[in-house]
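Novice: Input: one structure, supplied below.
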Amino acid sequence: MKKSSEKLINKKAQKSFVKSSDFSEINPNPMVEIDFSGKIYYINPAAKKLFPNLSSLKMKHPYLKDINSIRINFKKGKKKYFDREIKVNDLWFHQNFSFLKNIQRIQIFGFYISERKKVEEKLKESERILNKTQEIAHLGTWELKFGSNRPYWSDETYRMYGYKPGKFNLRNSDFINVIHPEDRKMVSNAYFDSIKKNKYNYSCMFRIIKKTGEIRTLYEKCEHIRDESGKIVRSIGMVQDVTERKYMERALEEAKRYLENLFDYANAPIAVWNPILNITKFNHAFEKMTGYKEKEVIGKRLEILFPPESKTEIFKKIKNITTGGCWEAVEIPIRQKDGKVKIVLWNSANIYGKDGKSLISTIAQGQDITERKNLDQRKDEFITIAGHELRTPISAIKITNQMLQDMLKDNPKALKYLNRIENQATIQANLINDLLNVSKIQTGKLEIRKENFDLQNLVEETAEDMQQITKEHKIIVKGKICGKIFADKERIGQILVNFCSNAIKFSPKGKKIIINLKNNQKEAIVGVTDYGIGIPKEHHDRIFDRFYRAYGTGDKQYPGLGMGLYISYQIIKLFDGNMWFKSTPGKGSTFYFSLPFQAQN
Ligand code: ADP
């Protein structure tokens, strides 16, 4: 009974196969039939065309690759059907294996799927690109079907949460666990509230704690997608790690707050104005200095602060700022609300736009020097009066001394002492002169005369005079100056004396002092070189400052008050000249000045 029924099934199967083979002949897809030994029973015309050597290669043909394991599974009765995708000579096929138990054969239906594969490949490629883009932009995405508990996360979202892409089998609750306990409620409320309130989107910022314990801040934005009836079907989210940005924002905010405090409560008065000179900011110290409240001056023209009599001069100084300059210790008077005038020393800085050219604001910091100025003025007045008072007895001493020298010219011993008195009186007189000159320079009252004179002659005369006061040094004049100078001969002589006496004083072991003369078309240059102690580099910047000395005041070996170079420098500036020096400690110094051959006017 069993055998006969098997036969029947066999017959039916063969019949059905024969029947199907009509279709097989015209089927554009490949069809192959084999048995367990690998014997091929049927290859349809489409398969023959696609794989001409299939019947000769048999199991070795790539279309039948790995067919052994499939056969074994069928034989053991483990499977009846089997599907796979296979690439043969750059073409993709989907193979469908069915086991025909009754005839113990395997039928392989192939479907040409290269086109679909190409689309799939492209899709995969764009997915790869999208993943990479998200990775680069540190931007993750997620998707959740409405009512589902298992969201989809993009690779970057996994990374953001501290997991390997795809490693973490997600449920919503797992995701909530990664969120900082303090932010969990807020995050889940954000999602559920937006759904409850039928919102289209929501965004929130929250912290997560990674497995490593690291806390990061994420920003999330979610959009709900609806079906035609308006029901939410899924939600798409975008996540971004904003930890660094938050940190920067906080740091910037703090810095801003700090700067604002610094601005508001700084001891120094600070004001800010725009390019059309409207005051835009004003700190407490400025309020205190001017007597104006910030709100009284904001938006007003800067002019409100200028004494009317100084306006023209101040506008000239402002022009320097608007044309790209800045104020460095520039003295500008300020008129207070009550009309009193204060003398203020200003430093300013310009703030430019992104292009680095367009002026946006000027910020200026002032220092009220009214008191100091008054004090200086009183000091200068005192020096002037005291100077004059001192000069009179010194002149008397000098005259009397000269009379005594005449009377005692045959008494060498007495002459020696009188000479000493004469020298000391000269030192005193020079000192008083210097003090008077400094105070005159300070008050702008240094009198100068202008005349045409021969600088070369003046240098030679001065060199001769200076040679009288030193036996240890030989003063040599080198070079020539062609042309006359139009300046104050006496004051220029004073500079030469100062250069030479410094050269003598600061080269106790030096033998030579060389005065070098030269000129070009525009100017005459004089340089006085000594081979003395030189000046250490750290003092170079300040050597022309008032009362500045490299060795300090009170130095016994090199006495002085640091006024000579200051006076000389101020004088040379009055004649549009220049002054500079070169100096090497232990080797010596050269001090130069230049004076222009200017038109006589
Ligand atoms: P004083 O000579 O009274 O100190 P000056 O103003 O003439 O004042 O000089 C200022 C300082 O410059 C001096 O104290 C000294 O430190 C330095 N200086 C000037 N000339 C020389 C020089 N030729 N060699 C070394 N140092 C010098």
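Novice: Could you state the number of Å between the C-alpha centres of segment 466-502 and segment 139-214?
Specialist: For segment 139-214 versus segment 466-502, the Cα centre distance is 88 Å.
Novice: A follow-up question, please. Relative to the first principal axis of the alpha-carbon coordinates of the chain, what is the inclination of helix 114-137, with its axis defined by its Cα atoms, in degrees from 0 to 90 and to the nearest 10?
Specialist: Once rounded, the angle reads 30 degrees.
Novice: Less than 24 Å apart at the alpha-carbon level, and either on another chain or at least 8 residues along: which lysines does that give for residue 185?
Specialist: List returned: 145, 196, 197, 199, 210, 211, 221, 246.
Novice: Please give the peptides 525-533, 422-430 ranked by average Cβ packing (other Cβ atoms within 10 Å per residue), highest first, as a rough proxy for protection.
Specialist: Packing order, densest peptide first, comes out as 525-533, 422-430.
Novice: Shape verdict for segment 438-517, please, from the Cα gyration tensor: rounded (a/c under 1.5), prolate (a/b greater than b/c) or oblate.
Specialist: Oblate.
Novice: Quick check: convex hull over the Cα atoms of segment 290-348, volume per residue in Å³, rounded to an integer?
Specialist: Per-residue hull volume (Cα only) is 85 Å³.
Novice: Lysines within cross-link reach of residue 293: Cα-Cα under 18 Å, excluding same-chain residues under 8 positions apart?
Specialist: Once the sequence-local lysines are set aside, what remains near residue 293 is 281, 337, 340, 342.
Novice: Quick check: convex hull of the Cα atoms in segment 390-484, volume per residue, rounded to a whole Å³?
Specialist: Convex hull volume per residue, Cα atoms: 160 Å³.
Novice: Now, a different point. Quick check: convex hull of the Cα atoms in segment 417-551, volume per residue, rounded to a whole Å³?
Specialist: Output value, Cα hull per residue: 146 Å³.
Novice: With a Cα-only, solvent-free Debye model of segment 222-318, what are the log10 I(q)/I(0) values at q = 0.12, 0.19 Å⁻¹?
Specialist: For the requested q values the scattering log ratios are -0.61, -0.98.
Novice: Could the peptides 323-330, 506-513 be put in order, highest first, of the mean number of other beta-carbon atoms found within 10 Å of their residues?
Specialist: 506-513, 323-330
Novice: If I take every Cα pair under 8 Å that is 6 or more residues apart in segment 242-341, average their sequence separation and divide by the length, what percent do I get for the relative contact order?
Specialist: The value is 20 percent.
Novice: Can I ask one more? Please state, to two decimals, what the Cα-based radius of gyration of segment 151-277 comes to when divided by 2.2 N^0.38 Å (N = residues).
Specialist: Scaled against compact globular proteins, the figure is 1.52.
Novice: Same structure, new question: Carbon and sulfur: what percent of segment 493-601's accessible surface (1.4 Å probe)?
Specialist: 51
Novice: Once you have all Cα-Cα distances for the chain, histogram them in 20 Å bins from zero and send the whole-percent values.
Specialist: Once binned at 20 Å, the Cα pair distances of the chain give 13, 22, 20, 13, 14, 12, 6, 1, 0.
Novice: Helix 181-196: angle to the longest alpha-carbon principal axis of the chain, degrees 0 to 90, nearest 10?
Specialist: It works out to around 60 degrees.
Novice: Treating cross-link reach as a plain straight distance, find the lysines whose alpha-carbon is under 21 Å from the alpha-carbon of residue 124, omitting any fewer than eight places away in the same chain.
Specialist: 87, 132, 164, 167
Novice: To the nearest 10 degrees, how steeply does helix 412-443 sit against the main Cα axis of the chain, on a 0 to 90 scale?
Specialist: Relative to the chain, helix 412-443 is tipped by roughly 50 degrees.
Novice: How long are the semi-axes of the equivalent ellipsoid of segment 256-396, taking √(5λ) for every eigenvalue λ of the Cα gyration tensor, in whole Å from largest down?
Specialist: For segment 256-396, the ellipsoid semi-axes come out as 36, 17, 15 Å.
Novice: So how many Lys-Lys pairs in segment 482-552 land under 19 Å Cα to Cα, not counting same-chain pairs under 8 apart?
Specialist: 4
Novice: Next up: Note down the accessible area of residue 263, probe 1.4 Å, to the nearest 10 Å².
Specialist: Its heavy atoms expose roughly 20 Å² to the probe.
Novice: For residue 138, tell me the accessible area in Å² from a 1.4 Å probe, rounded to the nearest 10.
Specialist: Taking all protein chains as shown, residue 138 has close to 100 Å².
The values are calculated or read from the model by the stated rules, or taken from the named source; none is laboratory data. Model, not experiment: these values are computed from the prediction. So basically every Cβ, Gly included, is an ideal-geometry build from the backbone, and we count neighbours across all protein chains shown. For the accessible areas, the whole protein counts, side chains as well, though only heavy atoms, and no ligand, DNA or RNA atoms are used. Shrake-Rupley method; radii C 1.70, N 1.55, O 1.52, S 1.80 Å.
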